[in-house]
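S.K.: Structure below; questions to follow.
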Amino acid sequence: MSSILIRNIKSLAGIREAGVKTIKGAAMKTLPALDNAWLLIEHGVIHSYGTDGVPERADEIIDAAGKFVLPCWCDSHTHIVYAGSRESEFVDKIHGLSYEEIAKRGGGIVNSALKLANASEEELFDAAWLRLEEMQNFGTGAVEIKSGYGLSYDGELKMLRVIKRLKEKSKLTIKSNFLGAHSYPTAFKQNHEAYLELLIDHMLPQIANEGLADFIDVFCDRGFFSPNETDRILQAGAKYGLQPKIHANELDYSGGIEVGVKNNALSVDHLEFTGEAQIEALRNSGTMPTLLPSTAFFLGLHYAPARKMIDAGLPVAIATDFNPGSSPSGNMPFIVALACIKMKMLPEEAVNAATLNSAYAMGVEKQLGSITVGKKAQVFITKPIPSLAYIPYSFGSNLVERVIL
């Protein structure tokens, strides 16, 4: 279908001029919108929009009376290629075990690595495809998917090949992230140098040879990879054209934010432990602070200080962290709700964080994340709702009626 006209839109929200890359500080409180609007899509891109002069013809005409139209969510941090689930660890958490205690008992990331080693590419693809379809139904149009449950040469390449297949088949925009430095495998717990050599000297050249990744990532936190190890891995990835991203400061003040900014990381993610020094490091950098509130929700952690970051003039993105251990959900509207309820972000701030800023955090802000003429037509239409604030307010309902990719 070459043209779609959406008319009688109650509110067309998230309108931006071309060239706007991110929304920072006080500007995040504003979500430009047109009431009683129309939107014309032609040949897969946003052609035009307005309030007057409604086009008379299109291959498909959609009446959106009483409904909102927004740019699709961009979920810039997920781990949706995995084998099996970890609900037994969910019960362990109820019994009082911490994330780190579960990991020391062979749970956590290492548990997922063992399951992944026994799964075929086809099994991994089929399971991830179902997760993608579920995410799309919540209004998500772009997803970054990380490896990191292989923790071996064969396992990491298997994951990245599955992600490549998902890219080729799905209508969603997908970016691939090599996270071989997710955790030290059991066999390398006492020999970090050997695993770093495997990652840098063997995995990276093959990943580059097959074109399997867009980004390189490291879990820089207490009990995982040190700032010096992180710096070394990111610099090795940069030699192969992989843009850095970092898991940072989820468990402690790890130095991950600072090493991310030093390496021009596109984003630093988690950030539950963020103070004045870390905010100052991020100021005037090109690194997007990306917050994952459902991880704090699921693990019982304190939430990242979104309010402090925004009030200090920073941009903020939000994402699901969809994974089997600490955030087993790809429900972006729930992430928007948590951002409002637990991190005191205004609805407009949360939507900006989940659209344009999260598009920037996965390197697709020129194509996605806003209602902008010439951008890819990835939008969703809500069910009839009274206001934008009703989306996070009604956190238990899926208010997405239709997704157009």
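The values are calculated or read from the model by the stated rules, or taken from the named source; none is laboratory data. Values in this document were obtained by computation on a predicted structure and should not be read as measured data. Because the Cβ atoms are built from the backbone with ideal geometry, glycine has one as well, and the counts that use them run over all protein chains shown. Quick note on the areas: whole protein, heavy atoms, side chains included, nothing else; ligands and nucleic acids left out. Shrake-Rupley method; radii C 1.70, N 1.55, O 1.52, S 1.80 Å.
S.K.: Given the residues 306, 296, 277, 312, which is the only one that is open to solvent by less than 40 Å² (accessible area, probe 1.4 Å) and in contact with a Phe, Trp or Tyr (Cβ under 9 Å, 6 or more places away or on another chain)?
M.R.: On inspection, the qualifying residue turns out to be 296.
S.K.: Hey, residue 72 hits all of (1) open to solvent by less than 60 Å² (accessible area, probe 1.4 Å); (2) at pLDDT below 95; (3) touching a Phe, Trp or Tyr at 6+ places or on another chain (Cβ under 9 Å) but one; which does it fall short on?
M.R.: Here residue 72 meets the rest and fails (2).
S.K.: Now, a different point. Taking the residues in segment 36-69 that are assigned to a strand (DSSP E or B) and small (Gly, Ala, Ser) as candidates, determine which candidate is surrounded by the most Cβ atoms within 10 Å (Cβ to Cβ).
M.R.: This residue is 37.
S.K.: Which of the residues that make up segment 356-392 are part of a helix (DSSP H, G or I) and closer than 25 Å to residue 289 by Cβ?
M.R.: 356, 357, 358, 359, 360, 361, 391, 392 - these are the residues of segment 356-392 that are part of a helix (DSSP H, G or I) and closer than 25 Å to residue 289 by Cβ.
S.K.: Please specify each residue of segment 143-185 satisfying the condition of being part of a helix (DSSP H, G or I) and among the basic types (Lys, Arg).
M.R.: Correct list: 158, 161, 164, 165, 167, 169.
S.K.: Continuing with this model, one more query. Search segment 19-33 for residues that are over 17 Å from residue 266 (Cβ atoms) and in contact (Cβ under 8 Å) with a residue 12 or more places away in the chain and pair each with any residue that is of a type in the set (Lys, Arg) and open to solvent by less than 70 Å² (accessible area, probe 1.4 Å) when their beta-carbon atoms are under 8 Å apart and the residues are at least 6 apart or on different chains.
M.R.: 32/16
S.K.: I would also like to ask the following. With the checklist (1) under 30 Å from residue 37 (Cβ atoms); (2) open to solvent by 10 Å² or more (accessible area, probe 1.4 Å); (3) out of contact with any helix residue (DSSP H, G or I) (no Cβ under 9 Å at 6 or more places or on another chain); (4) not β-branched (Val, Ile, Thr) in hand, flag the one item residue 362 doesn't pass.
M.R.: (2)
S.K.: If you scan segment 327-355, which residues turn out to be assigned to a loop (DSSP other than H, G, I, E, B), closer than 21 Å to residue 172 by Cα and open to solvent by 20 Å² or more (accessible area, probe 1.4 Å)?
M.R.: The answer is 328, 329, 331.
S.K.: Which members of segment 283-318 meet the condition of being closer than 26 Å to residue 83 by Cβ, modelled with pLDDT of 95 or more and assigned to a loop (DSSP other than H, G, I, E, B)?
M.R.: 292 - this is the single residue of segment 283-318 that is closer than 26 Å to residue 83 by Cβ, modelled with pLDDT of 95 or more and assigned to a loop (DSSP other than H, G, I, E, B).
S.K.: Answer yes or no as to whether residue 289 is within 22 Å of residue 181 (Cα to Cα), touching a helix residue (DSSP H, G or I) at 6+ places or on another chain (Cβ under 9 Å) and surrounded by fewer than 21 Cβ atoms within 10 Å (Cβ to Cβ).
M.R.: Values: within 22 Å of residue 181 (Cα to Cα): yes; touching a helix residue (DSSP H, G or I) at 6+ places or on another chain (Cβ under 9 Å): yes; surrounded by fewer than 21 Cβ atoms within 10 Å (Cβ to Cβ): no.
Here the answer is no, as residue 289 does not meet what is asked.
Conditions tested, residue by residue: (1) of a type outside the set (Lys, Arg); (2) within 30 Å of residue 2 (Cβ to Cβ); (3) modelled with pLDDT under 95.
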| position | (1), (2), (3) |
| --- | --- |
| 320 | yes, no, no |
| 325 | yes, no, yes |
| 329 | yes, no, no |
| 332 | yes, yes, no |
| 342 | no, no, no |
| 350 | yes, no, no |
| 400 | yes, yes, no |
